[in-house]
Amino acid sequence: MALYEHVFLARQDLSQAQVDVLAATATEIVESNGGKVTKTETWGLKSLAYKIKRNRKAHFVMLNVEAPAGVVAELERQTQINEDVIRYMTVRVDELEGGPSVQMRKNERERPRRRDREEG
């Protein structure tokens, strides 16, 4: 089976519970068609570089998916229909990243820099 990273951006006015329901729905679509979601990460509400459908911010969610191409096509079709999702992108990867993604490790990288500035 092929490996994919599926990232979608949900509208800024949704609650965290509604975003979690969107992620669960995407997981259900993949699993009902014979695929497997190995990891789900919610990156939180982040600012966008430019307005998308009148939104300045969006909830970012990433899914690591292990599935055939037909399952991903169905996931993208269902995501495109959903009005709460303002953008999505699915990328085929050679291997899925173990542990937290770069977005989740971002805060860990920034902390030592602040301490270095205070000492110097």
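What follows is calculated from the coordinates using simple rules that are stated; it is not laboratory data. Model, not experiment: these values are computed from the prediction. For neighbour counting, all protein chains shown are included, and Cβ atoms are generated from backbone atoms with ideal geometry for every residue, glycine included.
Summary table
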quantity: Residue that is exposed (fewer than 15 other Cβ atoms within 10 Å of the Cβ) and in a strand (DSSP E or B), where the choices are V61, V91; calculated: V91
quantity: In segment 1-49, the residues that are of a type in the set (D, E, K, R) and assigned to a helix (DSSP H, G or I); calculated: D20, E28, E31
quantity: Selection status of K46, in contact (Cβ under 8 Å) with a residue 24 or more places away in the chain and of a type in the set (D, E, K, R); calculated: no
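Residue-by-condition table, conditions (1) of a type outside the set (D, E, K, R); (2) under 16 Å from the mean Cα position of the chain (by Cα):
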position	(1), (2)
L48	yes, yes
I52	yes, no
K57	no, yes
V71	yes, no
